Amino acid sequence: MNKNSSNIMALAPNTSNKRETVCIFGTGDFGRALGHKMIQSGYSVVYGSRSTQVSNLIPKDAEVLGHAEAAQKAAIIIIAIQRQHYNFLTPLAEVLHGKVLVDISNNLKLNQYPESNAEYLAELLPGSKVVKAFNTVSAWALQSGALDASRQVFVCGDDVEAKQMVMNIVRALGLTPLDKGSLLAAQEIENYPLQLFPMWKFPMFLSLGLTAFFFVYCVVLDIVYTYIYEKNDFSFFIAITIPNRVCPVMALILLALVYLPGIFAAIIQLYRGTKYRRFPNWLDKWMLCRKQLGLIALAFASLHAVFTLVTPLRAFASWRTSKGIISQALNNKTEPLNTTNAWLSDSYLALGILGYFLFFLLGITSLPSVSNNVNWREFRFVQSKLGYLTLILCTAHTLVYGGKWFLNPSAYKWYLPDIYMLSLIVPCAVLVVKFVLIFPCVDKPLTRIRQGWERNPKHSE
Ligand code: NAP
């Protein structure tokens, strides 16, 4: 064979790439989108429909037949029909016997039925092999190719061979199958698309609650108090001044709350002398949403940076500066440079900039695309060591900002501390306990416990 003829062979359509025939019951949105994708991937598609009339919307290379006739043409049948219509399948039990039925259905509410749709299908057709798959992929994503965010396809089923056949289709479509085990997992898989940011709920509610509290706290102390005692209307503080006081406070508290559950876990393990007993539920849940807490904290820190950068543009800032200059001119005397204050203000800014830089680095490494490219030790180094360094820098930034202000009685309007003082409670507590935990006399037993040592092993002979 000469070189030219081998090139011609390579360009000719590769008929051996043609895959098996797959049957799809239902020519609705999902059935059509999946059919399109399957034909693109080399499958022959035959639709089982109530109407055998071919419409423009149906992929042009697909066949449309009655349900029984279509089912006979394939070993795998994808049921792209809502659960409430499944009983039309019962008369087809004979023709569906031994076939792989792929349940892709979702419900409208969490735990809408006592059993999952896939288990219900398996009960209706005990002679068929039911596999749950594709329910977390949307028809729109399949059709538009926008599958980057949802490449994972959860697959579960009792028949291992049937599950493998479905996983092969998933791979052929350019998606990633994730085996979730037996059909018992179907309920959980069906609940996935109905959940609304499950890991974000607690961090969101906590942030909203704390933000509302601190906002009102600042309104009372900075606006209401000033109005009552100084007769000044500072209500415009609501737009920038107060948000710029609340954002750093929230960022610092939430960052400390990322590290606080680790401290509780260490204390519990030291107290129990084992790592083999489960943490209380609340602590488990808290640990699981640390990444979300950290990302919300980063969002608050970023807002604080932006609010601070626009401060010189504000009418209030230029009024205050010109007032200072004019009063110096009127008194014919300039204030000498206070180097202590200059040091404090520069250190405060430098600590804030460094803290924010590390905070940003922490946020980036928590992105799956980055964290997938670092090993466990590197990830721990960034999240734990650099994380604590970030907390130290941000706490120091706030401490230097306050300076000796907390000793000044005028800092306590209505005997209430300023919010920056409140924001220091949790981070300082976390840092002090962490400092105690790294003492060798505490760290050594803790490390041994984490390596599997037990103070009172239950199973010792
Ligand atoms: P759809 O557009 O309403 O289509 C459902 C199809 O079911 C109809 O086109 C019809 O096909 C068939 N059908 C309707 N009533 C029937 C009956 N009484 N007996 C027999 N067949 C009947 O729904 P869809 O959006 O394609 O969703 C289909 C399934 O996929 C649902 O279970 C849904 O939960 C699941 N799903 C959908 C998406 C999505 O993005 N749409 C994503 C994941 C999962 P014929 O006219 O050809 O018979």
statement: Here segment 293-376 gives, from Cα atoms, an Rg and Dmax in Å of 19.8, 65
query: In straight Cα distance, which lysines are under 25 Å from Lys333, not counting same-chain residues fewer than 8 positions off?
result: Lys323
query: Net charge near Trp200, counting Lys/Arg +1 and Asp/Glu -1 over other residues with Cβ under 14 Å of its Cβ?
result: +4
task: Taking amide H positions as placed in the peptide plane 1.01 Å from N, state which residues far from Leu178 in sequence (5 or more) or on other chains have amide H under 5 Å from it.
output: Val153, Phe154, Val155
statement: Distance in nm between Lys109 and Ile228 label points, each 7 Å along Cα→Cβ, equals 4.8
query: For segment 19-194, what D do you get in µm² per second when you plug the Kirkwood radius from alpha-carbon pairs into Stokes-Einstein at 4 °C and 1.567 mPa s?
result: 82
field: Protection-proxy order for peptides 25-34, 269-278, each taking the mean of Cβ atoms within 10 Å per residue, highest first
entry: 25-34, 269-278
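For the chain, what does the helix formula give at 222 nm: sum of -39500 (n - 2.57) over DSSP H segments with n ≥ 4, over the residue count, nearest 500 deg cm²/dmol?
Calculated from helices alone, the mean residue ellipticity at 222 nm is -16500 deg cm²/dmol.
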query: What is segment 181-294 by shape, rounded, prolate or oblate, if you read a ≥ b ≥ c off the alpha carbon gyration tensor as root eigenvalues and call it rounded for a/c under 1.5, prolate for a/b larger than b/c, and oblate otherwise?
result: oblate
query: Roughly speaking, what is the stretch gain from Leu124 to Leu437, that is 0.36 nm per residue apart minus the C-alpha to C-alpha distance, in nm to one decimal?
result: 106.8 nm
task: Based on other C-beta atoms within 10 Å, arrange Met167, Met421 from fewest to most.
output: Met421, Met167
Asn281/Leu446 FRET efficiency (R0 22 Å; Cβ-Cβ; nearest 0.05): 0.45
- prompt: Which ³J(HN,Hα) values, rounded to whole Hz and listed in residue order, are derived for segment 258-263 from phi using the Karplus coefficients 6.51, -1.76 and 1.60 in 6.51 cos²θ - 1.76 cosθ + 1.60 with θ = phi - 60°, glycine and proline given as x?
  reply: 6, 9, 4, x, x, 5
- prompt: Just for the Cα atoms in the chain, what are the lengths along the principal axes, largest first, rounded to whole Å?
  reply: 99, 69, 61
- request: Work out from phi, with θ = phi - 60° and the Karplus expression 6.51 cos²θ - 1.76 cosθ + 1.60, the ³J(HN,Hα) of each residue of segment 217-227, listed in order in whole Hz, and give x for Gly and Pro.
  value: 4, 5, 4, 5, 7, 8, 10, 5, 4, 5, 5
query: Quick one: Cys394, Cys428, fewest Cβ neighbours within 10 Å first, how do they rank?
result: Cys428, Cys394
query: Among Leu65, Leu194, which comes first, then next, by fewest other beta-carbon atoms within 10 Å?
result: Leu194, Leu65
- line: So, with points 7 Å from each Cα along the Cβ direction, the Thr90-Thr340 label distance in nm works out to 8.9
field: Proximal lysines relative to Lys18, as straight alpha-carbon distance under 22 Å, when same-chain residues fewer than 8 apart are discounted
entry: Lys37, Lys60, Lys73, Lys99, Lys163
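All of the numbers you see were taken from the coordinates with simple rules; none came from a lab. Bear in mind the structure is a predicted one, so any value in this text is a computation, not a measurement. Methodologically, a virtual Cβ is constructed for each residue, glycine included, from the backbone with ideal geometry; neighbour enumeration extends over all protein chains shown.
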